[in-house]
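Here the structure comes first, spelled out in C-alpha cells, and everything after it is commentary.
The values are calculated or read from the model by the stated rules, or taken from the named source; none is laboratory data. Predicted model only: the values in this text are computed from it and were never measured. All Cβ positions, even for glycine, are placed from backbone atoms using ideal geometry, and neighbour counts span all protein chains on display. Calculation scope for accessible area: heavy atoms of the full protein, side chains included, ligands and nucleic acids excluded. Shrake-Rupley method; radii C 1.70, N 1.55, O 1.52, S 1.80 Å.
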Amino acid sequence: MNKYLMLLSAPMVLAATPAPQAVQLSSTVMVEKTVSVGGREQVELQKPTNVLPGDKLIFQTNYRNAGGQPATQFVVTNPVPAAVAWTGEATPGAVESVDGGRSYAPLSQLKVKGANGALRPAQPADVTHIRWTLASIAPGASGLVKYRGMVR
C-alpha cells in the first residue's frame, strides 16, 4: 500500500448530533480513472488500490435513518486527508474549515495566514474539513453527501 493510499484508509466520517439518533453512516472513496473501452476513452470510478499525485478522488458518505423518528439537525463532518487537496466541489449545503475543524463557514468567508504571515482568502486546497447539517432525515430516508479531492 503506498503512502497516499494509507492516508486515505483512515476513518473519514465524524458525526455529531445534539442527541443520540438512529442514523447509520457509511463512507467510500473512489478514484476517477480514464480507461479505453472499445477504442473510446471514458471515466470510470474505481476502488483506490494505488493512488498517485494528481489522481482525482470522490469521498462519499451515505446516511440512512434507521430509527422511527425524524433525525433533526444531523451533522456529517468529513476530514480532508492531508495527502488530498479539496477541489472546491461538494454536495450543496457544505461549509468548510481551514483550522482543523474548530470553526466552519463558507469558503468565501475564510482566511488563512500566507507565507509572509499576512491573512489571505482561503483557497480550496487550504480546507481541512467539510461539514453538512441535515435539517431533517425522515424515518427510513437515506441520502448522501460527497466532495471531490486530488492527491497532492
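Taken over segment 102-122, the residue count meeting the criterion of being in contact with a Leu (Cβ under 8 Å, 6 or more places away or on another chain) and either surrounded by 12 or more Cβ atoms within 10 Å (Cβ to Cβ) or closer than 21 Å to Lys56 by Cβ (or both) is 4.
Scanning segment 65-82 for residues that are touching a Leu at 6+ places or on another chain (Cβ under 8 Å) and part of a strand (DSSP E or B) yields Ala71, Gln73, Phe74, Val75, Val76, Thr77, Asn78, Pro79. Taken together, Val76, Val37, Val80 contain a single residue that is within 19 Å of Ser142 (Cβ to Cβ) and among the hydrophobic types (A, V, I, L, M, F, W, C), which is Val76.
Counted as qualifying within segment 87-152 are the strands (runs of 3 or more DSSP E) with 2 or more residues that are small (Gly, Ala, Ser), namely 129-137, 142-151.
In the set Glu96, Glu89, only one residue is touching a Phe, Trp or Tyr at 6+ places or on another chain (Cβ under 9 Å) and open to solvent by less than 20 Å² (accessible area, probe 1.4 Å); that residue is Glu96. The residues of segment 45-73 that are farther than 29 Å from Gln123 by Cβ and surrounded by 10 or more Cβ atoms within 10 Å (Cβ to Cβ), listed by number, are Arg64, Asn65, Ala66, Gly67, Gln69, Pro70, Ala71, Thr72, Gln73.
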